[in-house]
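The values are calculated or read from the model by the stated rules, or taken from the named source; none is laboratory data. Given the structure is predicted, the values throughout are model-derived calculations rather than measurements. Cβ placement follows ideal geometry from the backbone for every residue including glycine, while neighbour counts extend to all protein chains displayed.
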Amino acid sequence: MKTQIITLESHDDLISVRDKLSWAKTPRILLVWPKYAKVTLRILDLKVLQRHADSLGAQLGLVTRRAKVRRDAESLGIPVFASTTTAQRELWPDPVPRSMRTPKPPRRDLRRIRDEVYAKEPAWRTSLLGRVLTFTVGVIAFVTVAGLFVPRAALTLYPETQVQSIIIPVAASESADSISLAGAVPALIVSVTEQAEQSLAIASEISVPKAKAKGVVQITNLSQNELSIPAGTVVTTASEVPVKFVTLEDATLTAGIDEVVEIPIEAQQAGTDGNVPNDAVIVVEGPLGLTVSVTNPEAITGGVISQVTGANDDDRARLREVVLENLRRMAEAELRSQIGPADVLLVDTLEVKQILNETFDPPAGQPGKTLVLNMQVEFSARYVSDDAMKELSLATLNAAGQDGFVSTSTPDYKVITDPSTDNSGISHFELMVTRTLLREVDEMRVFSIVRGGKPDLMKAELASTLSLRQSPDILLTPSWWPWMPLIPFNISVEMK
């Protein structure tokens, strides 16, 4: 028998499915539920679709694996199949006659049956007095429960206080890995690079070479060969600091032992150092010195110096000291900005790590009325962190705690001596550490005293029982409630 297969989609509802049924022209209509999409059709919708199929002269069937849809269809007598192939291959059950689908008329004696099944309430429950008594008991129970759980009290106590103070000698070093009760704390390293340029007016005079010394040397052949002596050949004295001269022109030394040639020379450097006596120049530099000898038969003269305004060694040292001091101050300020505001910088450990640049203008030995120094220096220093000092302060105070008192605040510390570093690299200073202690109060004892009592009486009771520096405060919620809560967890206790 021909079967019209209609595949449902997720957006289908009763109206759209009913329209699809209207187009079917076969005696069987098969609605196929999608595997992964959800189609919402209630049992009432299935009933409407079944009747519409009947009106078209067709039998309605379903293909679905959804348990709820299968149950609803089976309750209406709609055949359900596992697949479209099964629906086309198997026989469909005969449709249930419409007369059997019509619900039976309602029974008229349901009220009588209900009255027979359920027993009647006792008379006292239905009477006015019984209802009033029941309502009153309920109100009393509600008020009792509310009185136990609703009221809350905030109790503020002011226990006796005591100030704990101690002086801690601190020893900070790089070798310390952690704090110790003996006062050892780690010292951390921080570095910074600073650059500055500063000038100095010069009033000193220095000697500046003005002219070079000149003279003549005799070069003697020590071989049988003719030798060529080029201009620029260097000859020197034999002193501890040799004075060097250069030949001014080319020359040829005739072949034969003891042959001599005279050549003019000039000192390499200007100044009086080039003025040397006769027979002072006796060395020829280079390979030529193995085959010839040299001497100056007469003194070499003409080297002159002049006095001009220029920086001497003292001027440069003074300017260097000033620039270094300025850089040191700049480095100290920069280092303080790099560490925490509460960290302690060990100023006496501030040192020059390395000099990256040091340039004088003009250079040494050059004239000038102003000396300029450009310096770039890397500085390093050690410091002690605020966390380390807080940890040391707390550990020391706890070790020297007072019986019967507890701490409720963070210790305050203050450096009372300037740090000083010894030869072993350990920096010593002292801390003044203080904190406020409160007399310890047993909260369970407080609960046992105040619960269920009147607030004014409880204040007096607490003041006479506990060591307080002032009368306690009690804040009730709601404020009009006349008694303290009975349940301890409805009472909060704060120490100040």
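Among the criteria (1) within 30 Å of I202 (Cβ to Cβ); (2) under 29 Å from the mean Cα position of the chain (by Cα); (3) among the polar types (S, T, N, Q), the one T359 does not fulfil is (2).
Scan the strands (runs of 3 or more DSSP E) fully inside region 211-323 and keep the ones with 1 or more residues being farther than 22 Å from A364 by Cβ, of a type in the set (G, A, S) and touching a residue at least 24 places away in the same chain (Cβ under 8 Å). Don't jump to the end; show me each part of the working.
Details: elements: 214-221, 227-229, 234-237, 244-247, 251-253, 260-267, 281-284, 292-295, 304-309.
Ranges flagged: 214-221, 227-229, 251-253, 292-295.
Scan region 3-36 for residues that are within 19 Å of E90 (Cβ to Cβ) and either surrounded by fewer than 14 Cβ atoms within 10 Å (Cβ to Cβ) or among the polar types (S, T, N, Q) (or both) and the total you get is 3.
Scanning region 159-195 for residues that are crowded, with 16+ Cβ neighbours inside 10 Å and among the hydroxyl-bearing types (S, T, Y) yields a single hit, S173. Of P362, P341, all but one fail to be surrounded by 14 or more Cβ atoms within 10 Å (Cβ to Cβ) and at pLDDT below 95; the exception is P362. In summary, strands (runs of 3 or more DSSP E) completely within region 123-200 and bearing 2 or more residues that are of a type outside the set (A, V, I, L, M) occur at 152-157, 161-173. Selection of region 372-405 for residues being under 30 Å from the mean Cα position of the chain (by Cα) and under 30 Å from A311 (Cβ atoms) yields V377, E378, F379.
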